[in-house]
Amino acid sequence: MPILEILKQTLAALWEQKLRSFLTMFGIVWGITSVILLVGLGIGFNRDQHERMKGLGTDIAIVWGGKTGAQAGGFAAGRVIRLNLDDAIAIQKKALLVRAVSPELSHNVAEVSQFNAANAPIHGVWPEYQQFRNLRLGIGRLIGGLPYTVIGVLEEKKQNSSYGGRDYEMLFVPFSSMARDFPPVDQATTTDPSKAGVERGWINNLVFQPTSADDHEAAVREVYQVLGERHHFDPDDKEALFIWDTLQGAALTNSIFAAMTWFFGIVAVLTLCLGGIGVMNIMLVAVTERTREIGIRKALGATSRDIQLQFLIESAIITIMSGGIGLALGMGVCIAGNFVPLPDFVPHPVISAAAVIASLTTLALITLTAGTYPARRARELTPMECLRSD
(Lines give C-alpha, C1' and ligand atoms only; values in the text may rest on other atoms or scores of the structure.)
Protein backbone atom coordinates (compact mmCIF):
# COMPACT_ATOMS: atom_id res chain seq x y z
CA MET A 1 0.00 0.00 0.00
CA PRO A 2 1.43 3.43 -0.88
CA ILE A 3 2.71 5.57 2.00
CA LEU A 4 0.29 8.37 1.07
CA GLU A 5 -2.68 6.01 1.37
CA ILE A 6 -1.44 4.78 4.76
CA LEU A 7 -1.10 8.39 5.90
CA LYS A 8 -4.69 9.14 4.83
CA GLN A 9 -6.01 6.09 6.68
CA THR A 10 -4.03 6.98 9.80
CA LEU A 11 -5.33 10.55 9.89
CA ALA A 12 -8.87 9.31 9.31
CA ALA A 13 -8.52 6.81 12.18
CA LEU A 14 -7.14 9.52 14.47
CA TRP A 15 -9.98 11.87 13.59
CA GLU A 16 -12.58 9.15 14.16
CA GLN A 17 -11.30 8.65 17.72
CA LYS A 18 -10.48 12.29 18.43
CA LEU A 19 -10.45 12.19 22.24
CA ARG A 20 -8.45 8.98 22.44
CA SER A 21 -6.02 10.22 19.82
CA PHE A 22 -5.60 13.56 21.59
CA LEU A 23 -4.86 11.93 24.94
CA THR A 24 -2.37 9.54 23.35
CA MET A 25 -0.57 12.27 21.45
CA PHE A 26 -0.65 14.54 24.51
CA GLY A 27 1.53 12.05 26.38
CA ILE A 28 4.26 12.33 23.74
CA VAL A 29 3.86 16.11 23.40
CA TRP A 30 4.10 16.61 27.14
CA GLY A 31 7.08 14.25 27.41
CA ILE A 32 9.10 16.03 24.71
CA THR A 33 8.18 19.45 26.11
CA SER A 34 9.18 18.31 29.60
CA VAL A 35 12.60 17.15 28.45
CA ILE A 36 13.35 20.44 26.67
CA LEU A 37 11.91 22.65 29.41
CA LEU A 38 13.16 20.86 32.54
CA VAL A 39 16.69 20.44 31.23
CA GLY A 40 16.61 24.05 30.03
CA LEU A 41 15.55 25.23 33.49
CA GLY A 42 18.30 23.15 35.12
CA ILE A 43 20.93 24.71 32.88
CA GLY A 44 19.35 28.12 33.45
CA PHE A 45 19.59 27.67 37.23
CA ASN A 46 23.24 26.66 36.87
CA ARG A 47 24.09 29.69 34.73
CA ASP A 48 22.16 32.02 37.01
CA GLN A 49 24.00 30.77 40.10
CA HIS A 50 27.31 31.06 38.27
CA GLU A 51 26.45 34.66 37.41
CA ARG A 52 25.59 35.33 41.05
CA MET A 53 28.87 33.81 42.16
CA LYS A 54 30.62 36.15 39.74
CA GLY A 55 28.83 38.97 41.56
CA LEU A 56 31.05 38.24 44.56
CA GLY A 57 34.11 38.16 42.33
CA THR A 58 35.79 36.32 39.48
CA ASP A 59 37.90 33.44 40.85
CA ILE A 60 38.92 35.30 44.00
CA ALA A 61 40.01 34.37 47.51
CA ILE A 62 39.56 36.56 50.58
CA VAL A 63 42.17 36.34 53.33
CA TRP A 64 41.76 37.27 57.00
CA GLY A 65 44.29 36.90 59.77
CA GLY A 66 43.72 34.02 62.21
CA LYS A 67 45.53 32.43 65.16
CA THR A 68 48.50 30.14 64.80
CA GLY A 69 47.73 26.53 65.59
CA ALA A 70 51.32 25.37 66.04
CA GLN A 71 54.68 26.63 67.29
CA ALA A 72 56.96 28.11 64.66
CA GLY A 73 60.04 30.33 64.59
CA GLY A 74 60.31 30.40 68.36
CA PHE A 75 56.76 31.70 68.77
CA ALA A 76 54.09 29.86 70.75
CA ALA A 77 50.84 28.63 69.25
CA GLY A 78 47.72 30.78 69.59
CA ARG A 79 49.41 33.96 68.35
CA VAL A 80 47.09 36.41 66.54
CA ILE A 81 48.08 37.18 62.94
CA ARG A 82 47.27 40.73 61.91
CA LEU A 83 47.53 41.56 58.23
CA ASN A 84 48.96 44.86 57.03
CA LEU A 85 49.59 46.81 53.86
CA ASP A 86 53.09 45.39 53.43
CA ASP A 87 51.56 41.90 53.21
CA ALA A 88 49.66 42.93 50.09
CA ILE A 89 52.82 44.42 48.60
CA ALA A 90 54.78 41.23 49.36
CA ILE A 91 52.13 39.02 47.71
CA GLN A 92 52.13 41.34 44.70
CA LYS A 93 55.91 40.92 44.31
CA LYS A 94 56.55 37.31 45.36
CA ALA A 95 53.44 35.26 44.61
CA LEU A 96 53.92 34.42 40.92
CA LEU A 97 50.57 32.63 40.60
CA VAL A 98 48.60 35.65 41.86
CA ARG A 99 47.32 37.82 39.03
CA ALA A 100 46.10 40.72 41.19
CA VAL A 101 45.78 41.57 44.87
CA SER A 102 44.25 44.36 46.90
CA PRO A 103 44.27 45.23 50.59
CA GLU A 104 40.90 46.17 52.02
CA LEU A 105 40.32 48.62 54.84
CA SER A 106 36.73 48.93 56.07
CA HIS A 107 34.96 51.44 58.24
CA ASN A 108 31.42 52.63 58.87
CA VAL A 109 30.89 56.32 58.23
CA ALA A 110 27.96 58.69 58.25
CA GLU A 111 27.09 60.14 54.82
CA VAL A 112 25.22 63.41 54.87
CA SER A 113 23.95 65.53 52.01
CA GLN A 114 21.37 68.28 51.68
CA PHE A 115 18.83 65.62 50.68
CA ASN A 116 19.51 62.61 52.91
CA ALA A 117 21.69 60.97 55.55
CA ALA A 118 22.82 57.39 56.08
CA ASN A 119 25.37 55.23 57.85
CA ALA A 120 27.01 52.72 55.51
CA PRO A 121 30.29 50.83 55.20
CA ILE A 122 33.11 52.40 53.23
CA HIS A 123 35.97 50.34 51.79
CA GLY A 124 39.41 51.52 50.83
CA VAL A 125 40.86 49.38 48.04
CA TRP A 126 43.43 49.34 45.24
CA PRO A 127 42.32 49.90 41.62
CA GLU A 128 42.69 46.16 40.82
CA TYR A 129 39.84 45.45 43.23
CA GLN A 130 37.27 46.86 40.82
CA GLN A 131 38.14 44.34 38.07
CA PHE A 132 38.19 41.07 40.04
CA ARG A 133 35.18 42.03 42.19
CA ASN A 134 33.18 42.86 39.03
CA LEU A 135 32.36 46.40 40.12
CA ARG A 136 31.17 48.15 36.96
CA LEU A 137 29.99 51.68 36.64
CA GLY A 138 26.33 52.30 35.98
CA ILE A 139 26.67 56.05 35.63
CA GLY A 140 29.42 58.56 36.35
CA ARG A 141 33.17 58.03 35.99
CA LEU A 142 36.06 56.51 37.90
CA ILE A 143 38.07 58.20 40.63
CA GLY A 144 39.76 61.38 39.50
CA GLY A 145 37.96 64.31 41.09
CA LEU A 146 37.58 65.81 44.52
CA PRO A 147 37.85 63.44 47.54
CA TYR A 148 34.54 61.88 48.61
CA THR A 149 32.51 63.57 45.96
CA VAL A 150 30.26 60.94 44.38
CA ILE A 151 31.60 60.65 40.85
CA GLY A 152 30.39 57.17 39.92
CA VAL A 153 27.48 54.87 40.72
CA LEU A 154 27.91 51.11 40.33
CA GLU A 155 25.52 49.25 38.07
CA GLU A 156 23.26 46.63 39.63
CA LYS A 157 24.42 43.02 39.64
CA LYS A 158 23.25 39.66 40.90
CA GLN A 159 25.03 38.60 44.07
CA ASN A 160 23.99 35.70 46.28
CA SER A 161 26.84 35.89 48.81
CA SER A 162 29.00 38.59 50.33
CA TYR A 163 31.45 39.44 53.04
CA GLY A 164 30.82 42.59 55.01
CA GLY A 165 27.59 43.40 53.16
CA ARG A 166 26.20 43.68 49.65
CA ASP A 167 28.21 45.72 47.17
CA TYR A 168 25.27 48.00 46.36
CA GLU A 169 25.18 49.04 50.03
CA MET A 170 28.86 50.08 50.13
CA LEU A 171 31.05 53.02 49.23
CA PHE A 172 34.45 52.42 47.62
CA VAL A 173 37.35 54.87 47.82
CA PRO A 174 41.11 54.69 47.09
CA PHE A 175 43.01 52.83 49.78
CA SER A 176 45.38 55.76 50.36
CA SER A 177 42.45 58.12 50.97
CA MET A 178 40.83 55.64 53.33
CA ALA A 179 44.06 55.14 55.31
CA ARG A 180 44.57 58.90 55.50
CA ASP A 181 41.10 59.94 56.58
CA PHE A 182 39.90 56.85 58.48
CA PRO A 183 43.02 55.21 59.91
CA PRO A 184 42.68 52.18 62.23
CA VAL A 185 42.32 53.08 65.89
CA ASP A 186 45.64 53.05 67.76
CA GLN A 187 46.03 50.50 70.57
CA ALA A 188 46.83 53.17 73.15
CA THR A 189 43.63 55.14 72.58
CA THR A 190 40.99 52.49 71.87
CA THR A 191 38.53 51.10 74.40
CA ASP A 192 37.37 48.36 72.02
CA PRO A 193 39.10 45.04 72.87
CA SER A 194 38.69 43.83 69.29
CA LYS A 195 40.95 46.68 68.16
CA ALA A 196 43.75 45.83 70.60
CA GLY A 197 47.12 45.71 68.85
CA VAL A 198 45.87 47.52 65.77
CA GLU A 199 48.38 49.99 64.36
CA ARG A 200 48.68 52.14 61.28
CA GLY A 201 49.14 49.99 58.21
CA TRP A 202 46.75 47.35 59.57
CA ILE A 203 44.09 46.14 57.12
CA ASN A 204 40.87 44.19 57.54
CA ASN A 205 41.66 41.62 54.87
CA LEU A 206 43.33 40.86 51.56
CA VAL A 207 41.61 39.88 48.32
CA PHE A 208 43.56 38.20 45.54
CA GLN A 209 42.88 36.60 42.15
CA PRO A 210 44.94 33.65 40.85
CA THR A 211 46.40 33.73 37.35
CA SER A 212 43.86 31.07 36.36
CA ALA A 213 41.16 28.90 37.91
CA ASP A 214 43.42 25.84 37.52
CA ASP A 215 46.15 27.51 39.61
CA HIS A 216 43.97 28.62 42.52
CA GLU A 217 45.13 25.90 44.96
CA ALA A 218 48.80 26.55 44.14
CA ALA A 219 48.18 30.30 44.46
CA VAL A 220 46.67 29.79 47.94
CA ARG A 221 49.79 27.80 48.95
CA GLU A 222 51.98 30.65 47.68
CA VAL A 223 50.04 33.14 49.79
CA TYR A 224 50.52 30.93 52.87
CA GLN A 225 54.24 30.75 52.06
CA VAL A 226 54.67 34.51 51.63
CA LEU A 227 52.67 35.47 54.73
CA GLY A 228 54.26 32.64 56.76
CA GLU A 229 57.69 34.11 56.12
CA ARG A 230 56.52 37.59 57.08
CA HIS A 231 54.59 36.63 60.22
CA HIS A 232 56.75 33.69 61.31
CA PHE A 233 54.25 30.85 61.10
CA ASP A 234 54.42 27.46 59.39
CA PRO A 235 52.96 27.66 55.84
CA ASP A 236 51.17 24.38 56.57
CA ASP A 237 49.42 25.91 59.59
CA LYS A 238 45.91 26.44 58.14
CA GLU A 239 44.69 28.11 61.33
CA ALA A 240 47.07 31.05 60.93
CA LEU A 241 44.91 32.45 58.12
CA PHE A 242 41.27 32.17 57.25
CA ILE A 243 40.89 32.00 53.46
CA TRP A 244 37.54 31.95 51.68
CA ASP A 245 38.30 30.36 48.32
CA THR A 246 35.27 31.19 46.19
CA LEU A 247 36.32 28.67 43.53
CA GLN A 248 35.62 25.81 45.93
CA GLY A 249 32.12 27.17 46.53
CA ALA A 250 31.59 27.61 42.79
CA ALA A 251 32.68 24.00 42.12
CA LEU A 252 30.27 22.73 44.77
CA THR A 253 27.44 24.82 43.33
CA ASN A 254 28.16 23.51 39.83
CA SER A 255 28.05 19.92 41.09
CA ILE A 256 24.71 20.47 42.85
CA PHE A 257 23.03 22.07 39.85
CA ALA A 258 24.53 19.56 37.41
CA ALA A 259 23.00 16.77 39.51
CA MET A 260 19.70 18.67 39.56
CA THR A 261 19.78 19.03 35.77
CA TRP A 262 20.40 15.30 35.35
CA PHE A 263 17.52 14.56 37.71
CA PHE A 264 15.20 16.84 35.76
CA GLY A 265 16.28 15.20 32.51
CA ILE A 266 15.76 11.65 33.77
CA VAL A 267 12.30 12.50 35.13
CA ALA A 268 11.35 14.10 31.81
CA VAL A 269 12.62 11.12 29.76
CA LEU A 270 10.62 8.74 31.97
CA THR A 271 7.56 10.90 31.34
CA LEU A 272 8.23 10.61 27.62
CA CYS A 273 8.51 6.81 27.94
CA LEU A 274 5.11 6.71 29.62
CA GLY A 275 3.76 8.53 26.59
CA GLY A 276 5.28 5.78 24.45
CA ILE A 277 3.38 3.18 26.46
CA GLY A 278 0.21 5.07 25.61
CA VAL A 279 1.05 4.88 21.90
CA MET A 280 1.61 1.11 22.16
CA ASN A 281 -1.69 0.75 23.96
CA ILE A 282 -3.67 2.64 21.30
CA MET A 283 -2.04 0.59 18.55
CA LEU A 284 -2.97 -2.66 20.28
CA VAL A 285 -6.54 -1.39 20.57
CA ALA A 286 -6.45 -0.46 16.88
CA VAL A 287 -5.34 -4.00 15.95
CA THR A 288 -8.23 -5.47 17.97
CA GLU A 289 -10.79 -3.07 16.51
CA ARG A 290 -9.61 -3.64 12.93
CA THR A 291 -9.30 -7.44 13.01
CA ARG A 292 -11.97 -7.97 10.35
CA GLU A 293 -10.35 -5.29 8.18
CA ILE A 294 -7.03 -7.15 8.47
CA GLY A 295 -8.71 -10.42 7.49
CA ILE A 296 -10.41 -8.86 4.46
CA ARG A 297 -7.16 -7.26 3.27
CA LYS A 298 -5.30 -10.55 3.62
CA ALA A 299 -8.10 -12.40 1.80
CA LEU A 300 -7.77 -9.89 -1.05
CA GLY A 301 -4.03 -10.52 -1.36
CA ALA A 302 -2.30 -8.27 1.18
CA THR A 303 0.81 -9.95 2.58
CA SER A 304 1.70 -10.18 6.27
CA ARG A 305 4.56 -7.77 5.57
CA ASP A 306 2.09 -5.21 4.17
CA ILE A 307 -0.05 -5.45 7.31
CA GLN A 308 2.96 -5.13 9.61
CA LEU A 309 4.32 -2.15 7.65
CA GLN A 310 0.96 -0.40 7.77
CA PHE A 311 0.65 -0.53 11.57
CA LEU A 312 4.33 0.31 12.04
CA ILE A 313 3.95 3.39 9.84
CA GLU A 314 0.75 4.39 11.64
CA SER A 315 2.52 4.32 15.02
CA ALA A 316 5.45 6.23 13.53
CA ILE A 317 3.11 8.91 12.20
CA ILE A 318 1.52 9.32 15.64
CA THR A 319 4.84 9.60 17.48
CA ILE A 320 6.52 11.82 14.88
CA MET A 321 3.57 14.23 14.74
CA SER A 322 3.40 14.35 18.54
CA GLY A 323 7.18 14.69 18.84
CA GLY A 324 7.30 17.56 16.35
CA ILE A 325 4.57 19.43 18.23
CA GLY A 326 6.28 18.79 21.56
CA LEU A 327 9.69 19.86 20.24
CA ALA A 328 8.27 23.08 18.80
CA LEU A 329 6.34 23.79 22.01
CA GLY A 330 9.32 23.15 24.29
CA MET A 331 11.73 25.28 22.24
CA GLY A 332 9.08 27.96 21.83
CA VAL A 333 8.57 28.22 25.57
CA CYS A 334 12.34 28.48 26.12
CA ILE A 335 12.67 31.23 23.51
CA ALA A 336 9.63 33.11 24.80
CA GLY A 337 11.01 32.91 28.35
CA ASN A 338 13.91 35.15 27.32
CA PHE A 339 11.50 37.93 26.37
CA VAL A 340 9.18 37.67 29.37
CA PRO A 341 10.10 39.37 32.67
CA LEU A 342 10.48 36.68 35.32
CA PRO A 343 10.93 36.91 39.09
CA ASP A 344 14.55 37.25 40.17
CA PHE A 345 14.65 33.71 41.55
CA VAL A 346 13.37 32.12 38.30
CA PRO A 347 16.05 31.72 35.60
CA HIS A 348 15.47 31.98 31.88
CA PRO A 349 15.33 28.45 30.38
CA VAL A 350 18.08 27.53 27.95
CA ILE A 351 17.65 25.38 24.84
CA SER A 352 20.03 22.47 25.32
CA ALA A 353 21.36 20.59 22.29
CA ALA A 354 21.82 17.54 24.53
CA ALA A 355 18.16 17.70 25.58
CA VAL A 356 17.01 17.95 21.97
CA ILE A 357 19.18 14.98 20.93
CA ALA A 358 18.00 12.94 23.94
CA SER A 359 14.39 13.74 23.07
CA LEU A 360 14.76 12.71 19.44
CA THR A 361 16.68 9.56 20.37
CA THR A 362 14.04 8.53 22.90
CA LEU A 363 11.32 9.35 20.38
CA ALA A 364 12.97 7.09 17.79
CA LEU A 365 13.15 4.24 20.29
CA ILE A 366 9.50 4.77 21.20
CA THR A 367 8.55 4.72 17.52
CA LEU A 368 10.22 1.34 17.08
CA THR A 369 9.10 -0.29 20.32
CA ALA A 370 5.57 1.14 20.43
CA GLY A 371 4.79 0.11 16.87
CA THR A 372 6.71 -3.14 16.45
CA TYR A 373 4.76 -5.36 18.85
CA PRO A 374 1.25 -4.31 17.69
CA ALA A 375 2.40 -4.57 14.07
CA ARG A 376 3.78 -8.08 14.60
CA ARG A 377 0.55 -9.08 16.34
CA ALA A 378 -1.45 -7.85 13.35
CA ARG A 379 0.89 -9.68 10.96
CA GLU A 380 0.42 -13.02 12.72
CA LEU A 381 -3.39 -12.97 12.43
CA THR A 382 -4.73 -15.40 9.82
CA PRO A 383 -7.57 -14.47 7.44
CA MET A 384 -9.87 -17.15 8.88
CA GLU A 385 -9.20 -16.00 12.45
CA CYS A 386 -9.89 -12.40 11.48
CA LEU A 387 -13.10 -13.12 9.58
CA ARG A 388 -14.54 -15.23 12.43
CA SER A 389 -14.18 -12.34 14.91
CA ASP A 390 -17.13 -10.10 15.68
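Couple of notes before you dig in:
- Count of region 319-373 residues which are among the polar types (S, T, N, Q), touching a residue at least 60 places away in the same chain (Cβ under 8 Å) and more than 14 Å from G275 (Cα to Cα): 2
- Sole exception among (1) crowded, with 16+ Cβ neighbours inside 10 Å; (2) outside any helix (DSSP H, G or I) for P341, by number: (1)
- Residue within region 301-315 that is small (G, A, S), out of contact with any helix residue (DSSP H, G or I) (no Cβ under 9 Å at 6 or more places or on another chain), modelled with pLDDT under 75 and open to solvent by 40 Å² or more (accessible area, probe 1.4 Å) present: yes
- Residues in region 228-247 that are over 20 Å from L85 (Cβ atoms) and touching a helix residue (DSSP H, G or I) at 6+ places or on another chain (Cβ under 7 Å) were compared, and the one that is most open to solvent (accessible area, probe 1.4 Å) is D234.
- Within region 83-103, not a single residue is within 28 Å of A240 (Cβ to Cβ) and at pLDDT below 85.
- Considering each residue of region 250-270 in turn, none proves to be open to solvent by less than 80 Å² (accessible area, probe 1.4 Å), modelled with pLDDT under 80, of a type in the set (F, W, Y) and closer than 22 Å to K8 by Cα.
- Taken together, the residues in region 202-219 that are among the β-branched types (V, I, T) and in a loop (DSSP other than H, G, I, E, B) amount to 2.
- Only residues that are in a helix (DSSP H, G or I) and more than 31 Å from the chain's Cα centre (by Cα) were counted across region 249-301, and they come to 22.
The values are calculated or read from the model by the stated rules, or taken from the named source; none is laboratory data. As the structure is a prediction and not an experimental result, all values here were calculated from the model. Glycine also receives a Cβ, built like all others from the backbone with ideal geometry; neighbour counts cover every protein chain displayed. Calculation scope for accessible area: heavy atoms of the full protein, side chains included, ligands and nucleic acids excluded. Shrake-Rupley method; radii C 1.70, N 1.55, O 1.52, S 1.80 Å.
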